[in-house]
Amino acid sequence: MRRGRATVLALCAATLLTAAGLRAASDPDLKQYPSSKAAELKARLLDRPSAPEAPSWASQYAIQPELDRLEPVARAAERIWAARTGLAAGARGDDQKRLRQILASLESCPLDSLALRRAATGLVRIGVVIPLTGRFDRYGKTFSQGLRLAVEEHNREWAPNLSLILYDSEGDPLVGARKARWLLRDHGVSILIGELFSANTAPLAAASQVVGAVLISPSATNERLAILGDAVFQLHLGNAVLAQSLARAIVQDAPKSEVGILVAGSPEDSARAEAVTASCRSAGLLVVAKEVVPEDAVDLTHAITSLRDKHATALFLLTPPRLAGIAAAQVKSSWPRAKIFGFDALDPSGQSPEARGALEGATYVAEDFTMTGAPRDTLEARYQRAYGEPPTHMSVRGYLVGLAVTRGIERGSLNASMLREALRAQVYDTDDGRALRALKPLVPAEPERFVIRSGKAVPAAPFPLSP
């Protein structure tokens, strides 16, 4: 009886929240506005440019101190746009006089049409270039669906109203680059999202940085993308974040473990070993030894025996997949009680039957996000209701990218340069996070963790998040 009553109360609360959201969507005065005065005034002008109050909003907006901190071209374009909007709305009296003075003082400024178009668009149009047809269409479509949910969430309760402009890259970098130019030049967008793959993302990043727009790559993995400009951001899980996740997994499963590391000599695996060592120390785990082996090694018995003899109880395999399979088979015969941990090189789908058997019980993390707690449940319910299927990994990435953008706008960003600074505050506080400008999720989310059971990767149970 008590449980049924709780269910009824939950349904009533959900109904009230839905009704409140519908009222906010239909009545702009019930919506929330960004906290800064300048951002609030611009949001009102963008949402209701013909309102009777628009001339007053425009005249106030033009003198806000936030505009003085913009670059000269952007500052002039914002004031010209505000003056023209206020006059078009029928400004009279002092408002009309002030707005005409603004236009007169700036009419000689050498502004191109793009600057004025971007001022008039603000951040309300979000350009998206992803594959919507071809062999990767499933990834693009589910990504856009998750992104759309985050934007709809914003639009129910907040102003300005945001819209997505989707272009199909067809999975071709040349097509994607051409469509990115259309968005940046013709539509005047200041935010570009795309592409899904590194090779296709690079031309988008280059094009966006030429015009000073923000680019967010939802799934590209090439770490050199960050050098293309300081407004290129990635939804990227770096070595430090993955290593921290594994260290927390060990603390949860076996808090008194002593760690041994078997690592290949490649630069990538060496970097992962450094991240694992630092994360273990931060988590209070003792790293008793590390053995470095060649990438083309076949007999790893000596290195494995050395780690075992130093009384390690948890073994990190930080090697390419081929070497991980060889190591696992040799660990099973010479060190059967070792608990194996690693990165996605341990994925059993790429291993031989013998290696899958040897990796039974091993834990690894993959470069995908999994949301936890109430936000995960809410997203799954909303996604299922909207699209008739559960969300995918790309759906989650779309939602997380959407949250990063909408929160930056809700906190008062007026243009691309201000959004860039807002996104910098969302970056992981790690060396690789700062170097790659890797965005940290704004809701509880972790790298996806798997345990190998009967030769298959099984998602691990949710575990406590770091503070």
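The values are calculated or read from the model by the stated rules, or taken from the named source; none is laboratory data. Remember, predicted model here, so these are calculated numbers, not experimental data. When we count neighbours, we look across all protein chains shown, and the Cβ atoms used for this are built from the backbone with ideal geometry, even at glycine. Calculation scope for accessible area: heavy atoms of the full protein, side chains included, ligands and nucleic acids excluded. Shrake-Rupley method; radii C 1.70, N 1.55, O 1.52, S 1.80 Å.
If the cut-off is 17 Å between C-alpha atoms, which lysines fall inside it for residue 42, apart from same-chain ones fewer than 8 positions away?
Filter leaves 31.
Would you list, by chain and number, the lysines whose Cα falls below 18 Å from the Cα of residue 141, excluding same-chain residues fewer than 8 positions away?
Answer for residue 141, where 18 Å is the Cα cut-off: 179, listed by chain and number.
Please work out how much length the chain gains when fully extended from residue 50 to residue 382, using 0.36 nm per residue of separation minus the C-alpha to C-alpha distance, in nm with one decimal. Intermediate results must be reported in sequence, preceding the final value.
Details: separation 332, 0.36 × 332 = 119.52 nm, distance 3.42 nm.
Full extension of this stretch gives 116.1 nm more.
Of the options 90, 213, 459, report the single residue whose Cα projects farthest towards the positive end of the charge dipole of the chain (beta-carbon charges: Lys, Arg +1; Asp, Glu -1).
About the Cα centre, the residue reaching furthest to the positive side is 90.
Given points 7 Å out from each Cα along the Cα-Cβ axis, report the residue 372 to residue 311 separation in nanometres with one decimal.
Result: 3.1 nm between the two label points.
Taking the Cα centre of the chain as origin and charging only Cβ (+1 Lys, Arg; -1 Asp, Glu), how large is the dipole, in debye to the nearest 20?
1200 debye
Only helical DSSP H runs with n ≥ 4 go in: add -39500 (n - 2.57) per run for the chain, normalise by residue count and round the 222 nm mean residue ellipticity to 500 deg cm²/dmol.
-16000 deg cm²/dmol
With every protein chain kept in place and ligands, DNA and RNA left out, what is the accessible area per residue of the chain? Probe 1.4 Å, answer in Å².
Per-residue value: 46 Å².
Need one number: nm distance between label points at residue 172 and residue 352, each 7 Å from Cα along Cα→Cβ, rounded to one decimal.
Label-label distance for residue 172 and residue 352, simple model: 4.2 nm.
Report, to the nearest whole %, how much of the accessible area of the chain belongs to carbon and sulfur atoms, 1.4 Å probe, protein only.
Values: 11370 of 21410 Å².
Ligands and nucleic acids excluded, carbon and sulfur reach 53 percent.
Want the number for residue 254 to residue 165: 0.36 nm per residue separation, take away the alpha-carbon distance, what's left?
Values: separation 89, 0.36 × 89 = 32.04 nm, distance 4.87 nm.
That pair, residue 254 and residue 165, stretches by 27.2 nm at full extension.
Once label points are set 7 Å from the Cα along Cα→Cβ at both residue 210 and residue 94, what is their separation, rounded to one decimal in nm?
4.7 nm
Under 19 Å from a point placed 7 Å out from the Cα of residue 68 along the Cα-to-Cβ direction: which residues of segment 376-420 have their backbone N that close?
414-415, 418
As an exercise, use a Förster radius of 30 Å and the Cβ-Cβ distance of residue 113 and residue 434 to find the FRET efficiency, rounded to the nearest 0.05.
My answer for the efficiency is 0.25.
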